[in-house]
Amino acid sequence: MCQASLSHAEFEMGGTVYNRVREYRESLGLTQGELALAVRVSRQSVNSIERGRYTPSLPLALKFAAIFECSVDELFTLED
């Protein structure tokens, strides 16, 4: 089990989340609309995620990973 070594006050989330959703979607031959239906969001949400304007919630990231049969960290990376 993972134990946090920093208190909440000491930890500040920073950086930018990058993703490979478009790359994985295109490799499966899916449209944004088809992917949106599969994960139950709007096509506009998929577009915003692919363009980096919106970072998905953990449950949504897990849905993407399940569809693409990969890990979440293969799809999303946090860079400073």
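The values are calculated or read from the model by the stated rules, or taken from the named source; none is laboratory data. Keep in mind the model is a prediction, meaning the values are calculated, not measured. So basically every Cβ, Gly included, is an ideal-geometry build from the backbone, and we count neighbours across all protein chains shown.
Cβ-Cβ below 9 Å, separation at least six or inter-chain, first residue in the range 49-73 and within 16 Å of GLU23 (Cβ to Cβ), second in a loop (DSSP other than H, G, I, E, B) and of a type in the set (Gly, Ala, Ser): which pairs?
Every condition considered, the pairs that remain are ALA65/SER71.
For the range 18-48: of the residues being in contact (Cβ under 8 Å) with a residue 24 or more places away in the chain, outside any loop (DSSP other than H, G, I, E, B) and in contact with an Asp or Glu (Cβ under 8 Å, 6 or more places away or on another chain), which is farthest from PHE76 (Cα to Cα)?
Looking at residues that are in contact (Cβ under 8 Å) with a residue 24 or more places away in the chain, outside any loop (DSSP other than H, G, I, E, B) and in contact with an Asp or Glu (Cβ under 8 Å, 6 or more places away or on another chain), I get ARG25.
Taking the range 44-53, which residues are surrounded by fewer than 16 Cβ atoms within 10 Å (Cβ to Cβ) and in contact with a Ser or Thr (Cβ under 8 Å, 6 or more places away or on another chain)?
GLY52
For the subset of the range 14-40 comprising residues that are of a type in the set (A, V, I, L, M, F, W, C) and more than 11 Å from PHE64 (Cα to Cα), which member is modelled with the lowest pLDDT?
Ranking the qualifying residues of the range 14-40, first place goes to VAL17.
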